[in-house]
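See below for the structure under consideration.
Bear in mind that the values in this text are calculations on the coordinates, not laboratory data. Quick caveat, the model's predicted, so the values are computed rather than measured. All Cβ positions, glycine included, derive from the backbone under ideal geometry; neighbour counts span all protein chains shown.
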Amino acid sequence: MKKDSHQLLTEQHAQDTYHLFKALADPTRIKIMHLLAEEECSVNHIADILQMNQSAVSHQLRTLRQMKLVKYRRSGNHLYYSCDDSHVIELLNQALSHSEHT
């Protein structure tokens, strides 16, 4: 193969991908994303399911929101979170499937 025929990633594309994987490199965030792939959840519901305090869950959701991986809607005093990127869910499902086979 010729050297000129390779299509290299731009530095920005490589950095953006790095930040995506870094955001998903935390077991708690993986659990949250897996839960949100199944249903929209309030912070309290996520905290109950994962047996964590609300503050810790909110901190993790803030990171995921900054990466535009989750979105929220407000209903009264409650925030309900859902996934904001189906590509990331596909990536997460592939990674989970891979981990089952190794």
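Note on the chain: with a GNM built from Cα contacts shorter than 10 Å, the maximum mean-square fluctuation among Lys71, Lys31, Lys22 falls on Lys22. Karplus-based coupling profile of the stretch 71-79, in residue order and whole Hz: 10, 9, 10, 9, 9, x, 8, 10, 9, with θ = phi - 60° in 6.51 cos²θ - 1.76 cosθ + 1.60 and x standing for Gly or Pro. Fewest neighbouring Cβ atoms within 10 Å first, the residues Ile49, Ile32, Ile89 line up as Ile49, Ile89, Ile32. According to the calculation over all Cα-Cα pairs in the chain, the P(r) per 10 Å bin from zero is 13, 42, 26, 12, 5, 2, 0 %. Going by neighbour counts of Cβ atoms within 10 Å, the residues Thr63, Thr102, Thr10 line up, fewest first, as Thr102, Thr10, Thr63. Taking label points 7 Å from Cα along the Cα-to-Cβ direction, Glu40 and Thr102 give a separation of 3.5 nm.
Taking the Cβ of each residue in Tyr18, Tyr80 as the centre, tally the other Cβ atoms inside 10 Å and list the residues starting with the fewest. Provide the component values of the computation, followed by the final result.
Working: Tyr18 10, Tyr80 16.
Going from least to most buried by this count: Tyr18, Tyr80.
Amide hydrogen proximity for Met52: with H placed 1.01 Å from N in the peptide plane, no residue at 5 or more positions away or on another chain lies under 5 Å. Cut-off 10 angstrom, C-alpha nodes, Gaussian network model of the chain. Which of Asn44, Asn77, Asn53 fluctuates the most? Maximum among the listed residues: Asn77. For the chain, a crude dipole built from +1 on the beta carbon of Lys and Arg and -1 on the beta carbon of Asp and Glu, taken about the Cα centre, is about 320 debye to the nearest 20. For the residues Ser86, Ser75, Ser58, a GNM of the chain with alpha-carbon springs under 10 Å puts the largest fluctuation on Ser75. Remark: the stretch 21-34, residue by residue, has Karplus-estimated 3J(HN,Hα) of 5, 5, 5, 8, 7, 10, x, 5, 5, 5, 4, 5, 4, 4 Hz, where x stands for each Gly or Pro and the curve is 6.51 cos²θ - 1.76 cosθ + 1.60 at θ = phi - 60°.
Would you mind getting me the FRET efficiency between Arg74 and His6? Use the beta-carbon distance for r and R0 = 41 Å, nearest 0.05. Can you show the working numbers first?
Numbers: r = 47 Å, r/R0 = 1.15.
It comes out at approximately 0.30.
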